[in-house]
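Trainee: Before I ask anything, here is the structure I am working with.
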Amino acid sequence: MTRKRFFLAFASGFGLSALLAALEALRHSDVWMVLLIPGFLVGASIWGVHSGGNRFEGLMVIVNGVIYGGLFLIARELVRLASK
């Protein structure tokens, strides 16, 4: 795999994560929060559920960005393999 594929997958993951965090902050919908659960669980295990500071939100975006980036990378490779 090339660096370009990794960069595009993880940039897309971080973009999606930031978008989800912004949507959850603006709309307070349970749908957006469910999509942010992996980062929320990591932040809650470090600082506690009610900390809610900027570090908490930043960590949520980073963790979700890595997870969604990895999922994008896997999906891209599966599509590439299926199209051969």
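Read the figures in this text as sums done on the coordinates, not as results from a lab. Only a predicted model underlies this, so the values are computations on that prediction, with no experimental measurement involved. Don't worry about glycine lacking a Cβ; one is built from the backbone with ideal geometry, like all the others, and counts go over all protein chains shown.
Trainee: Name the residues in region 11-30 that are crowded, with 17+ Cβ neighbours inside 10 Å and farther than 25 Å from Leu78 by Cα, would you?
Mentor: Matches in region 11-30: Ala21, Glu24.
Trainee: Within region 32-59, how many residues turn out to be under 13 Å from Ala21 (Cα atoms), surrounded by fewer than 17 Cβ atoms within 10 Å (Cβ to Cβ) and of a type in the set (A, V, I, L, M)?
Mentor: 3
Trainee: Still on this structure, I have one more. Hey, Arg80 hits all of (1) among the charged types (D, E, K, R); (2) within 17 Å of the chain's Cα centre (by Cα); (3) surrounded by fewer than 17 Cβ atoms within 10 Å (Cβ to Cβ) but one; which does it fall short on?
Mentor: The single condition Arg80 does not satisfy is (2).
Trainee: Which members of region 15-31 meet the condition of being in contact with a helix residue (DSSP H, G or I) (Cβ under 9 Å, 6 or more places away or on another chain) and closer than 12 Å to Asn64 by Cα?
Mentor: Once the filter is applied, which keeps residues that are in contact with a helix residue (DSSP H, G or I) (Cβ under 9 Å, 6 or more places away or on another chain) and closer than 12 Å to Asn64 by Cα, region 15-31 yields Gly15, Leu16, Ser17, Ala18, Leu20, Ala21.
Trainee: While we're looking at this one, here's another question. Suppose the filter is part of a loop (DSSP other than H, G, I, E, B), without any contact (Cβ under 8 Å) to a residue 40 or more places away in the chain and not hydrophobic (A, V, I, L, M, F, W, C); does Ser51 pass it?
Mentor: Yes: the conditions hold for Ser51.
Trainee: Considering only region 2-10, I want to know if a residue exists there that is assigned to a helix (DSSP H, G or I), aliphatic (A, V, I, L, M) and either out of contact with any helix residue (DSSP H, G or I) (no Cβ under 7 Å at 6 or more places or on another chain) or surrounded by fewer than 16 Cβ atoms within 10 Å (Cβ to Cβ) (or both).
Mentor: Checking region 2-10: at least one residue is assigned to a helix (DSSP H, G or I), aliphatic (A, V, I, L, M) and either out of contact with any helix residue (DSSP H, G or I) (no Cβ under 7 Å at 6 or more places or on another chain) or surrounded by fewer than 16 Cβ atoms within 10 Å (Cβ to Cβ) (or both).
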